[in-house]
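Notes follow once the structure below has been shown.
The values are calculated or read from the model by the stated rules, or taken from the named source; none is laboratory data. Because the structure is a prediction, the values reported are computed rather than measured. As a convention, Cβ positions derive from the backbone with ideal geometry for all residues, glycine included, and neighbour counts pool all protein chains shown. For the accessible areas, the whole protein counts, side chains as well, though only heavy atoms, and no ligand, DNA or RNA atoms are used. Shrake-Rupley method; radii C 1.70, N 1.55, O 1.52, S 1.80 Å.
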Amino acid sequence: MQLKKTISLCSLLICAVFSKAQDIQITKQSFEPINLSYPGLEKTNQLFTAGKYEDAAKELLAYYRKKSKVKAPDFSNAEKPADLNQPIDKATQEMADKALVHQFQPHKGYGFFDYGQDINWQMWPVKDNEVRWQLHRVKWWQAMALVYHATTDERYAKEWICQYSDWVRKNPLGLSKENDRFVWRALEVSDRVQSLPPTFGLFVNSPNFSPAFLMEFLKSYHQQADYLSENFAEVGNHRLFEAQRTLFAGVSFPEFKNSQRWRQTGITVLNTEIKKQVFADGMQFELSPIYHVAAIDIFLKAYSAAQRVNLEKEFPQSYVQTVENMIMAVISITLPDYNTPMFGDSWLTDKKFRMNQFASWSKVFPANKVIKYFATDDKEGEAPNFLSKALSTSGFYTFRSGWDKNATVMVLKASPPGEFHAQPDNGTFELFVKGRNFTPDAGVFVYSGDAAIMKLRNWYRQTRIHSTLTLDNQNMMITKAQQDKWETGKNLDILTYTNPSYTELNHQRSVLFINHKYFLVIDRAIGKATGNLGVHWQLKEDSKAVFDKSKNRVYTSYSDGNNLLIQSLNSDKVTLTEEEGKVSYVYAKELSRPAFAFEKLKKDDKTQNFVSIVYPFDGEKTPNISIKENAGNDFEKGKLNISLTINGKQQEIKTTLN
């Protein structure tokens, strides 16, 4: 009720500003960006040539209205494509209604903020850079357009016209260096360039959409797309987003003089970047699974946009093959719940959303039965013909017992240096058993901002809060893992890698996946450096972990009997230390969770070893596990000859680690 009253009170202000938005004078210069020779604009051109600029604008508006009725708004580039045949969901309705009273939610990690009746586009309610950047992605405009399409309620059209004009006038390029940093960062410009065409298409038939506003909109959109095409980020996923959206601008508004250049610029950059940014094994070089998936969508959306204007041949066959390889890389690290590990700046994904992505990919690659398998939740297509898989160039290693929902899957990261989103975390892993992720990676929490925000971000970027080895709990200085061995077999899969983590200290980790059931992890600290060594572990927030310091072990106590034991098998003195643990599954939200380390001192240049077992078990009774080194066992030389006794049953493991 209160919201309705506020909307009513604001309508007076809306009308005042709205009238100003309609008073823009239409001149010859208003048509400067338009290619009046474009097919369909003949009448507009005749009126323009006769100097009847207002009539020419009316004719141009008639052209766009006719076009909108022939061709549905293009949501193909949207992060979450809209379906105009579906009823409006509550979240979209709320976003649209609150936008009427200038309550905006720039970022999903936070709530709605009131930007005032006279909108303060420079307001920064939380000193998180993402809040101010994403304010200028104006995502609620599309929500308003969708609700308008469903209801034909002119309040949404009037308010959008008002807000758009207000935004244009208050945020001109060059207003200030500070404002340009947020409003005109190329990524934000690209987001607007992407979302505005379908929003425009839904509003253009409103009786409140005047010829004067049309000319203002086209001038503004042209300026943004033109600016974007000349200001791409130098590296990374931002450059991909910006190139793809520049191409989309050229496809969406072919009536602009520069549309052909926008299309060609986008295609050229993407053809170049796909070779730079994608490793031979298919992973994108930022080493963040979430951004890897985003890159797949970017490349395919660009290809789809090019198809709509018969330019797909501008992309070579190698481009398409690389994208297919990227999809297969995602599949190799996908957990049974359709999530990928939260390495780097990653977070959880809704299964339905990911299945929809696989479905869209399957349309591009209909012959790939594996993609079809994931698009249909294993009802069609075929499961991959591999289990454990090494993406050796990017350093993503997956141990897998099967492709069913109850499979045991561990994904471990031991990578080369990554870009912005990567963390100093080589060795970290996630372990999924019988439908449960026992060891989710910490995630990201927040991105950037003032000192307080950066303190929050940096906590999640610490090496010690990842499942790997540290020296004096410091962040590893170098993430540049070298694969020493990768071997798969019937009952034993082995990974050994070495990372030069600290000055004069290398971390060598060997992981043995035994009987497709459990893991033996051997960590070696090699070099002259001295200090306190720690091998860190983290468990899920609801695991009700039991710390048994007398036996140097920690185990979960889930009531459903699906549990995990992590135990040190060292014969020398090792201390079990409880640590602070947190996990962030969504932006700006965190949970406490169990975390611990096996620790000991390194006093000289001798190599120190940690031997740990990671053992899934059923029921409440914790397994009794011991280790015996047999003749010829030599960790130093990488020769393993041990006997593991688990609940009285002995198994001999004899292999080489290097």
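The table below gives the values:
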item	result
Answer from I119, I161 - the residue that is outside any helix (DSSP H, G or I), modelled with pLDDT of 95 or more and more than 17 Å from E94 (Cα to Cα)	I119
Strands (runs of 3 or more DSSP E) contained entirely in the range 609-658, each with at least 1 residues that are farther than 23 Å from L495 by Cα and either open to solvent by 20 Å² or more (accessible area, probe 1.4 Å) or modelled with pLDDT of 95 or more (or both)	649-656
Number of positions in the range 374-412 that are among the hydroxyl-bearing types (S, T, Y) and surrounded by fewer than 23 Cβ atoms within 10 Å (Cβ to Cβ)	6
Whichever residue in the range 189-244 is closer than 26 Å to T27 by Cβ and among the charged types (D, E, K, R) and, among such residues, is farthest from the chain's Cα centre (by Cα)	E216
Verdict on V189 being at pLDDT 95 or above, under 25 Å from N271 (Cα atoms), assigned by the TED database to the domain that holds Q122 and among the hydrophobic types (A, V, I, L, M, F, W, C)	yes
In the range 201-211, the residues that are open to solvent by 10 Å² or more (accessible area, probe 1.4 Å) and assigned to a helix (DSSP H, G or I)	G201, L202, P211
Enumeration of residues in the range 137-153 that are more than 23 Å from R185 (Cβ to Cβ) and either touching a strand residue (DSSP E or B) at 6+ places or on another chain (Cβ under 8 Å) or open to solvent by less than 50 Å² (accessible area, probe 1.4 Å) (or both)	M144, A145, L146, V147, Y148, D153
Pairs with Cβ under 7 Å, 6+ apart, first in the range 528-543 and farther than 14 Å from H507 by Cα, second hydroxyl-bearing (S, T, Y)	W537/S467; Q538/T439; Q538/S467; L539/T439; L539/T556; E541/S592; S543/T556; S543/Y558
From the options R155, R137, R169, residue that is under 26 Å from F75 (Cβ atoms), over 27 Å from the mean Cα position of the chain (by Cα) and modelled with pLDDT of 95 or more	R155
Lone qualifier among L492, L471 - being surrounded by 22 or more Cβ atoms within 10 Å (Cβ to Cβ) and of a type in the set (A, V, I, L, M)	L471
Residue in the range 577-593 that is more than 25 Å from K540 (Cα to Cα) and outside any strand (DSSP E or B) present	no
Lone unmet requirement of (1) out of contact with any Lys or Arg (no Cβ under 8 Å at 6 or more places or on another chain); (2) assigned by the TED database to the domain that holds N491 for A375	(2)
Residue count for the range 419-437, restricted to those that are farther than 17 Å from D493 by Cα, of a type in the set (G, A, S) and crowded, with 24+ Cβ neighbours inside 10 Å	0
Among (1) surrounded by fewer than 22 Cβ atoms within 10 Å (Cβ to Cβ); (2) at pLDDT 95 or above; (3) within 30 Å of the chain's Cα centre (by Cα), the one test that S510 misses	(1)
Pair list, Cβ < 7 Å and 6+ apart or interchain, from the range 107-122 residues that are free of Cβ contacts under 8 Å to residues at least 60 places away in the same chain to residues that are open to solvent by less than 20 Å² (accessible area, probe 1.4 Å) and of a type in the set (F, W, Y)	F112/F104; F113/F104; Y115/F104
Evaluation of K98 against (1) closer than 30 Å to A294 by Cβ; (2) assigned to a loop (DSSP other than H, G, I, E, B) (one fails), failing number	(2)
Scope the range 441-452; condition more than 20 Å from the chain's Cα centre (by Cα) and either buried (at least 20 other Cβ atoms within 10 Å of the Cβ) or without any contact (Cβ under 8 Å) to a residue 60 or more places away in the chain (or both); matching residues	A451
Top-ranked residue in the range 284-310 [being out of contact with any helix residue (DSSP H, G or I) (no Cβ under 9 Å at 6 or more places or on another chain) and in a loop (DSSP other than H, G, I, E, B); ranked as farthest from G344 (Cα to Cα)]	N310
Unique match (being in the same structural domain as I514 (by the TED database) and touching a His at 6+ places or on another chain (Cβ under 8 Å)) among T496, T488, T470, T479	T470
Test: residue in the range 51-58 that is more than 38 Å from the chain's Cα centre (by Cα) and in a loop (DSSP other than H, G, I, E, B)	yes
Hits in the range 61-87 - residues which are surrounded by 16 or more Cβ atoms within 10 Å (Cβ to Cβ), in a loop (DSSP other than H, G, I, E, B) and hydrophobic (A, V, I, L, M, F, W, C)	F75, A82
Any chance L146 is assigned by the TED database to the domain that holds I88 and over 27 Å from Y447 (Cβ atoms)	yes
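Conditions tested, residue by residue: (1) polar (S, T, N, Q); (2) surrounded by 18 or more Cβ atoms within 10 Å (Cβ to Cβ); (3) within 11 Å of the chain's Cα centre (by Cα); (4) closer than 22 Å to E79 by Cβ.
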{"residue": "K276", "(1), (2), (3), (4)": "no, no, no, no"}
{"residue": "I290", "(1), (2), (3), (4)": "no, yes, yes, yes"}
{"residue": "R308", "(1), (2), (3), (4)": "no, no, no, yes"}
{"residue": "Q321", "(1), (2), (3), (4)": "yes, no, no, no"}
{"residue": "K351", "(1), (2), (3), (4)": "no, no, no, yes"}
